[in-house]
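J.: The structure is given below, and queries will be raised subsequently.
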Amino acid sequence: MAGERVNAQASGCSPGGASVCSHGWSDAATVAARSPWTPSPTTPKPRRGQGAYPARARRRAAATVLLSLFACLALPSCSDKAVSTNVESVQIAGRWFHLELALDEPTRMKGLGGREFIEPDGGMLFVFPTAAKRSFVMRDCPISIDIIFLDPSGRVVAMHHMEAEEPRREGESDWQYEERLKRYSSRFDSQFVIELAGNTLESLELETGDRIPLDTAGLKARAK
């Protein structure tokens, strides 16, 4: 430990000075003469880590290891950064979900299309720059998805269970494919949309008008 004073005697002496000893020595010369660490031609002064220093050396080594460990734990990994910037943890009807953020048009257009599995506590949170009446379709979605439309304050305005659609047919144009997809409407103006794994809504007992707590101001500021 930094600043620690080494006693002149292995035991029985006060660290305050060599003139106060339980053995009755009263002067520094006598203490020095009897001290086992007095340098002599045949008794070299002990180096750090030996003799009078092993306890201090061990403490310093242990402190160094602990500091290195804490430093490693404190460093953010790439996955930590991804979680903090691209995923929003949202509590819905008392249950926590970790939702990928769709903040720009390309990400919102892609949505969860192409996903063959959605985690039970996963999904996506779509954030739009403005509120408007919206419709979603199951474009290139091979699995069923539940959808929740929210107004600018985070209140539920509509919910749907969206069944997986028949895949694109051979020779089918983009226009023909889009035209046959079922539309799921928000019915009212919506600025946030949540998509969850299919059949999740049944277990949530969520109702129209319920409010889902969101950082509405922060999310709106990030939408493009």
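The values are calculated or read from the model by the stated rules, or taken from the named source; none is laboratory data. These figures come from a predicted structure and were not determined experimentally. Using ideal geometry, Cβ is built from the backbone for each residue, glycine included, and neighbour counts are taken over all protein chains shown.
J.: Just name the residue that is farthest from Val157 (Cα to Cα) out of those in segment 209-224 that are surrounded by 13 or more Cβ atoms within 10 Å (Cβ to Cβ) and not small (Gly, Ala, Ser).
T.: Taking the candidates together, the pick is Arg222.
J.: I've got another one for you. Tally up the residues in segment 171-204 that are over 19 Å from Val127 (Cβ atoms), under 34 Å from the mean Cα position of the chain (by Cα) and of a type outside the set (Val, Ile, Thr), please.
T.: The number of residues fulfilling the criteria is 7.
J.: Does any residue in segment 87-99 that is part of a loop (DSSP other than H, G, I, E, B) come within less than 6 Å, Cβ to Cβ, of a residue that is among the hydrophobic types (A, V, I, L, M, F, W, C) six or more places away or on a different chain, and which pairs are these?
T.: Ala93/Leu204; Ala93/Leu206
J.: Another question, then. Every residue in segment 152-193 that is touching a Ser or Thr at 6+ places or on another chain (Cβ under 6 Å), in a loop (DSSP other than H, G, I, E, B) and under 27 Å from Thr216 (Cα atoms), please.
T.: Within segment 152-193, Gly154, Arg183 meet the criteria.
J.: State yes or no: is Arg139 under 13 Å from Val193 (Cα atoms), surrounded by fewer than 20 Cβ atoms within 10 Å (Cβ to Cβ) and not hydroxyl-bearing (Ser, Thr, Tyr)?
T.: Spelling it out, it is not the case that Arg139 is under 13 Å from Val193 (Cα atoms), surrounded by fewer than 20 Cβ atoms within 10 Å (Cβ to Cβ) and not hydroxyl-bearing (Ser, Thr, Tyr).
J.: Filter segment 114-170 down to the residues that are basic (Lys, Arg), more than 29 Å from the chain's Cα centre (by Cα) and closer than 20 Å to Leu214 by Cβ and list them by number.
T.: Selection gives Lys133, Arg134.
J.: Only one residue in Ser89, Ser84, Ser135, Ser144 is among the hydroxyl-bearing types (Ser, Thr, Tyr) and at pLDDT below 95, so which one is that?
T.: Ser84
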